[in-house]
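Step one of this worksheet: look at the structure below.
Nothing in this text is a laboratory measurement; each read-out follows from the coordinates by a stated rule. All figures in this text were calculated on a predicted structure; none of them were measured in a lab. Because the Cβ atoms are built from the backbone with ideal geometry, glycine has one as well, and the counts that use them run over all protein chains shown.
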DNA sequence: TTAGTTGCAAAAGGTTTGCCGTTTT
DNA sequence: AAAACGGCAAACCTTTTGCAACTAA
């Protein structure tokens, strides 16, 4: 038989879509429990896995941190993480300039970019 | 008292410096054991931690993979990982062009970039 | 009815820590 | 001799899996 629509799946997607930044599995669990109190962490992981395969969500893998999840379908983007407040700002307009970085004969298929620094709220800039 | 010079530390550094690409903790252990057969994984981790603090080595954190370690003191660089053969090619000449990506008022302090694709050996290019 | 799902608990994989005996200085 | 250090095993954390009970269709 085919895939079922369960309260748990709906809750996970609702959490992901209702939050402005990517979330870790544990955070998703906490928020999903406000909707379906009995949902377990194992279920969250299983649902995330399924959603990833369907590309309904995407993973954000900051170096050295646990994976974060966000709704899929967004256009190509990267993140700027503020070291002061921890907030992750989406950055778009990523250049194809990267192509110039690889030697002749190399085929660049994909890339991952993370920016770190201080956001305008934290620097006091306006 | 101050830091000691042990065979284990020497072995870990020797492994790291003698290898062309970054290595994972488990790989470092395997190779270090050829020098000091009794060295343990816990010791490798403790030594790596100490070397990191002194910045004698650096970590390479590919998204979704275990941390890799390389000798420190290299100039700013990134990696191109070939999806066919898995080899990691060092890429330098990273642009400050990134600065144009962040909004006004944001202070860009650091960045992490990973390139993925196929290397020239694997494409058959010459 | 019944195959996909869920919860729970156990397992796994990687990294860290406590304890105590060993080694460098 | 003493402070560091190393080995071993246990602890930790996050993610995965086995299994019996549950539930959407």
Beyond 14 Å, the calculated P(r) of segment A:3-71 holds a percent of Cα-Cα pairs equal to 53 percent
At the level of C-alpha centres, the distance separating segment B:21-35 and segment B:47-126, in angstrom, is 20 Å
Correct semi-axes for segment B:55-117, from √(5λ) of the alpha-carbon gyration tensor and rounded to whole Å with the largest first, are 23, 16, 12
hull vol. (C-alpha, convex hull) per residue for chain B, Å³ -> 156 Å³
For the residue A:14, residue A:65 Cβ pair and Förster radius 22 Å, calculated FRET efficiency rounded to 0.05 is 0.35
Hits in segment B:70-85: amide N under 13 Å from the 7 Å Cα→Cβ extension of residue A:110, namely B:81-84
Going fewest to most other Cβ atoms within 10 Å around each Cβ, B:94, B:119, B:85 line up as B:85, B:94, B:119
Measuring from the longest principal axis of the C-alpha atoms of chain A, the long axis of helix A:7-18 (C-alpha) lies at a number of degrees, nearest 10, equal to 30 degrees
What helix-only [θ] at 222 nm does the protein assembly as shown give? Using -39500 (n - 2.57) per DSSP H run of at least 4, over all residues, to the nearest 500, the answer is -8500 deg cm²/dmol
Distances in nm between the label point of residue A:86 (7 Å along Cα→Cβ) and its equivalents in the other copies, shortest first, are 3.5
Note: A:116-124 gets an average of partner chain Cβ contacts (10 Å, Cβ to Cβ) equal to 4
Percent relative contact order for chain B, counting Cα pairs under 8 Å at least six residues apart, stands at 20 percent
Footprinting proxy, A:16, A:108, A:48: sorted fewest to most Cβ within 10 Å, the residues are A:108, A:48, A:16
A correct Stokes-Einstein calculation for the protein assembly as shown, using the alpha-carbon Kirkwood radius, 20 °C and 1.002 mPa s, returns a whole-number D in µm² s⁻¹ of 102 µm²/s
Expressed as a whole-number percentage, the relative contact order of segment B:63-126 with C-alpha contacts under 8 angstrom and at least six residues apart is 36 percent
Here the correct list, in nm and shortest first, of distances from residue B:108 to the same site in the other copies, label points 7 Å along Cα→Cβ, is 1.4
Here the correct list, in nm and shortest first, of distances from residue A:64 to the same site in the other copies, label points 7 Å along Cα→Cβ, is 2.2
Rounded to the nearest 10 degrees, the helix B:41-53 long axis (Cα) sits at an angle to the longest Cα principal axis of chain B of 60 degrees
